[in-house]
Number of protein chains: 2
Amino acid sequence: MPGFPIFASRRVRQTPFTERVESAPLSGYTVYNHMLLPATFSSLEDDYAHLKKYVQIWDVAAERQVEIKGPDAHKLATMMSARDLRKAVPGKCYYAPLTDANGGMLNDPIALCLAADRFWFSIADSDVLYWALGLAEGLGLNVEISEPDVSPLAIQGPLADQLMTAVFGAEVSQLKFFNFGYFDWRGHSLLIARSGWSKQGGFEIYLHDTAFGLQLWDDIWQAGEPFSVRAGCPNLIERIEGGLLSFGNDMTRSDTPLECGLDKYCSLDSDVEFIGKSALLKQRDSGVTRSLAGLKIDDEPLRPVANTTPCRSGDTPCGYITSAVFSPDFDSNLAIAMLSHEISRDGQTIEAYLDGQWRQAVCTTLPF
Amino acid sequence: MPGFPIFASRRVRQTPFTERVESAPLSGYTVYNHMLLPATFSSLEDDYAHLKKYVQIWDVAAERQVEIKGPDAHKLATMMSARDLRKAVPGKCYYAPLTDANGGMLNDPIALCLAADRFWFSIADSDVLYWALGLAEGLGLNVEISEPDVSPLAIQGPLADQLMTAVFGAEVSQLKFFNFGYFDWRGHSLLIARSGWSKQGGFEIYLHDTAFGLQLWDDIWQAGEPFSVRAGCPNLIERIEGGLLSFGNDMTRSDTPLECGLDKYCSLDSDVEFIGKSALLKQRDSGVTRSLAGLKIDDEPLRPVANTTPCRSGDTPCGYITSAVFSPDFDSNLAIAMLSHEISRDGQTIEAYLDGQWRQAVCTTLPF
């Protein structure tokens, strides 16, 4: 996937792991939360095949933390999250869509309750910090809002447990999915969660202090040699196969979590009050008119899309593709698309405009 | 300036002009407001030499607009801006630092008053929309906040007036600096301002409707041939020479506008109330301890910095460089640095750590 080089500047921030990533060697970057995020190493396909078989170290420092701390932290976190966080407890991670007053998605972070008065939102690509700051200022809340020096490093792949055990001891493999704990490493206590943006299993290590980034990378790298460890990153093929939605790609502020199939993360039947709840209740009552769905496009391998591309059912426009890639394992192109709700049913055949022509596409539910 | 390729995706948005930019041919991108922003074409040095002599078309669509509209728009815009916008009038542009409650910079947009109840902030690289949304939600303001389909195209360079006159007629060259008006083009009324992120003079055309981007580019390109027009972009050398500060590079939320030398854009002596005013008043009373300054580093040409680099005065750390580049016209490396206030005086000699060694650096006021 050739692309134009990215120009270095402080504004597009390096991470604690950049030096190792770039000599891995990296072959492509994206930018995420004003920070460099690796996109490919060997190639999309090679990275994907390796990820599904072995274990990889991912520099996902760009998943920045928005920390909300203080007497009103619980109140603010709760009103920001479509998922009821009132009973959030330390040690658990919560996938939490954030919505504006119209129910439009602002981000889809993982919320971590560190203490009764201290939360992290581990965010996708948008300045949640500004949203939180604005709310706190407008409501006169007693909170401190900051982006701490915390940089997640993910260990992903079927051999992740073995590698993590080698570095942090057997206890780390006792962690349940979306739980976190604290583990010793060279005198530091590291927050580690069983989580990560793949369906291959693994962990996210929340490194607290840029200065120790290279040491952490090197320790894991060394321990990983018996497991054929490689540098990797969130992989477009693997995440589309797994139906992992990407904020900014598959979901924007023009979309609601109900349209994105995230109903189960929206606490519409609880008595919690969050911003966007009334809009979402109204939409649930009237029914969504659009939905995210999968598309299978049996054709020659297509290039990943750089923009939305239109879909039609007969002569009628019926939505657009948000992400697409060729999957070697499915031997087919796979896409995620926002489609008219009545179209988005399993097995329906439509057409999508890709690489200069209309191609037949079969709707399917996510994940593939 | 080699760099790793940027990976295409919808999340890193293309602009209405991307097709022309990439065949210009482009040689480097950056990402700005979740959008592609050209960083180099021929080379930093060639682009710079051409910009200072002729005229360039710049795809600065990434300078997104945050539109605030409605009965409380004036109130919200005023409270967000350190510059008093109460008497802002249609037809004028206002450089306006935005600060949080601690006086930390959130962005430094150009504010355009389109009507008494309708403002645009033409923003630098951060989600001002989220800050505005949060304030409006928290304060219960009656406003609509959106990012309209508006993409600035800048025409910059000493021949900009001639080129603009050829396309839009003689009237456009009557525009005064930081004024805007509406000009006809193929049946559209385009907002055009005399502004732009260089010191070479020029205009910004606020294209309203992505669909007409290529036509606008082509019309200007064709009219520009007699003036040796080229595709260009904000140029690192030219902007550092001119002391144009870059949010995210030279200024962050850790810095106040007073530390950045933007005192004259902060209405601290008026009775306007804006967020951050009391913190800034307090800082003005006690005096700043750090200031942005220029540094001249007479040495072999250095690479642009990808991160802050430390400065010292004798053995004492005294700040860090935020941007740096070699200037052919000054035949010297030029840098912008955040330095201890007592150090930042004209003519003071310090040392800066660049490309692996400590180098002598002479302080100077900005612009160079």
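When the charge dipole of region B:83-207 is built from unit charges on Cβ atoms (+1 for Lys and Arg, -1 for Asp and Glu) and taken about the Cα centre, the candidate among B:N142, B:L129, B:I205 whose Cα reaches farthest toward its positive end is B:I205. Just check chain A against the gyration tensor rule for me: Cα atoms, a ≥ b ≥ c as the square roots of the eigenvalues, rounded for a/c under 1.5, and otherwise prolate or oblate depending on whether a/b exceeds b/c. Verdict is oblate for chain A. Counting only Cα atoms, region B:249-298 measures 46, 21, 18 Å along its principal axes, largest extent leading.
Find which of B:A39, B:L236, B:L280 sits farthest along the positive direction of the dipole of the protein assembly as shown, computed with +1 on the beta-carbon of Lys and Arg, -1 on that of Asp and Glu, about the Cα centre. Of the candidates, B:L280 comes out farthest on the positive side.
Taking amide hydrogens as placed 1.01 Å from N in the peptide plane, the amide H of A:R359 sits under 5 Å from those of A:A352, A:Y353, A:L354, each at least 5 positions away in sequence or on another chain. Phi angles across region B:43-59 convert, under the Karplus curve 6.51 cos²θ - 1.76 cosθ + 1.60 with θ = phi - 60°, into 3J(HN,Hα) values of 5, 3, 6, 5, 4, 5, 4, 5, 4, 7, 10, 10, 8, 10, 9, 10, 7 Hz, Gly and Pro given as x. Applying the Karplus relation 6.51 cos²θ - 1.76 cosθ + 1.60 with θ = phi - 60° to region A:187-200 yields 3J(HN,Hα) values of x, 9, 9, 9, 6, 10, 10, 8, 6, x, 8, 8, 9, 9 Hz, where x marks Gly and Pro.
From helices alone, chain B scores -5500 deg cm²/dmol at 222 nm; the rule is -39500 (n - 2.57) for each run of n ≥ 4 DSSP H residues, then divide by the residue total. Counting from the shortest, the label point at B:P71, 7 Å from Cα toward Cβ, is 3.3 nm from the same position in each remaining copy. The 3J(HN,Hα) values that the Karplus relation (6.51, -1.76, 1.60; θ = phi - 60°) gives for region A:327-336 are, in residue order, 9, x, 5, 8, 6, 7, 6, 10, 9, 10 Hz. Gly and Pro appear as x. In region A:289-368, the inverse of the mean reciprocal separation of distinct Cα atoms equals 12.1 Å; this is its Kirkwood hydrodynamic radius. The alpha-carbon of A:K176 sits under 16 angstrom from the alpha-carbons of these lysines, leaving out residues fewer than 8 places away in its chain: A:K92, A:K199. The distance linking region A:124-158 with region B:310-341 is 31 Å (Cα centroid to Cα centroid, whole angstrom).
Each Cα pair under 8 Å and six or more residues apart adds its separation to the average, and for chain B the resulting relative contact order is 17 percent. The aspartates and glutamates within cross-link reach of A:K277, meaning a Cα-to-Cα straight distance under 19 Å and a gap of 8 or more places when in the same chain, are A:D84, A:D100, A:D108, A:D255, A:E259, A:D263, A:D269, A:D285, B:E137, B:E144.
Shape of region B:203-299 from its Cα gyration tensor (a ≥ b ≥ c, root eigenvalues): rounded if a/c is under 1.5, otherwise prolate when a/b > b/c, or oblate? Oblate, because a/c is 1.5 or more while a/b does not exceed b/c. Is region A:106-160 best put as rounded, prolate or oblate by its Cα gyration tensor, with a ≥ b ≥ c the root eigenvalues, rounded for a/c under 1.5, and otherwise prolate when a/b is larger than b/c, oblate when not? Prolate, since a/c reaches 1.5 and a/b exceeds b/c.
Copy-to-copy label distances for A:G140, where each label lies 7 Å from Cα along Cα-to-Cβ, are 1.2 nm in order of increasing length.
Look at the stretch A:27-35: the mean tally of other chain Cβ atoms within 10 Å of its residues' Cβ atoms is 5.
Given R0 = 45 Å, the distance between the Cβ atoms of A:D331 and A:Q162 translates into a calculated FRET efficiency of 0.90.
Of the residues B:L236, B:L280, B:L139, the one that moves most in a GNM of chain B with alpha-carbon contacts below 10 Å is B:L139.
Rounded to whole Å, the principal axis extents of the Cα atoms in region B:60-188 read 48, 28, 26, largest first. Plainly put, the protein assembly as shown has a radius of gyration that is 0.95 times its Kirkwood radius, both from alpha-carbon atoms, as the Rg/Rh ratio.
Between B:D271 and B:A101, residue separation times 0.36 nm minus the direct Cα-Cα distance comes to 59.5 nm.
Annotation: for a label point projected 7 angstrom from Cα along Cα→Cβ of B:R186, no residues of region A:349-365 have a backbone N closer than 15 Å. Backbone amide hydrogens, once placed in the peptide plane, bring A:T309 within less than 5 Å of A:I321, excluding anything fewer than 5 places away on its chain. Quick one: among A:K52, A:K199, A:K176, which has the greatest mean-square fluctuation in a GNM of chain A with alpha-carbon springs under 10 angstrom? Of the options given, A:K176 has the highest mean-square fluctuation. The mean sequence distance of close C-alpha pairs (under 8 Å, at least 6 residues apart), as a share of the length of region A:50-158, puts its relative contact order at 43 percent.
Cross-link partners for A:K282 among the lysines, with Cα-Cα distance under 28 Å and sequence neighbours closer than 8 places in the same chain left out: A:K75, A:K87, A:K264, B:K69.
The magnitude of the dipole of the protein assembly as shown, with charges of +1 and -1 set on the Cβ of Lys/Arg and Asp/Glu and taken from the Cα centre, is near 900 debye. To the nearest 0.05, how large is the calculated FRET efficiency for B:K282 and A:S173 if R₀ is 56 Å and r is the Cβ-Cβ distance? Plugging the Cβ-Cβ distance into 1/(1 + (r/R0)^6) gives 0.60. Taking the label point 7 Å along Cα→Cβ, B:H208 and its counterparts in the other copies are spaced 5.1 nm apart, in ascending order.
None of the figures in this text is laboratory data; all of them are computed from the coordinates on show. Since this is a predicted model, take the numbers as computed values, not measurements. Cβ coordinates were reconstructed from backbone atoms using ideal geometry, including for glycine residues, and neighbour counts include every protein chain displayed.
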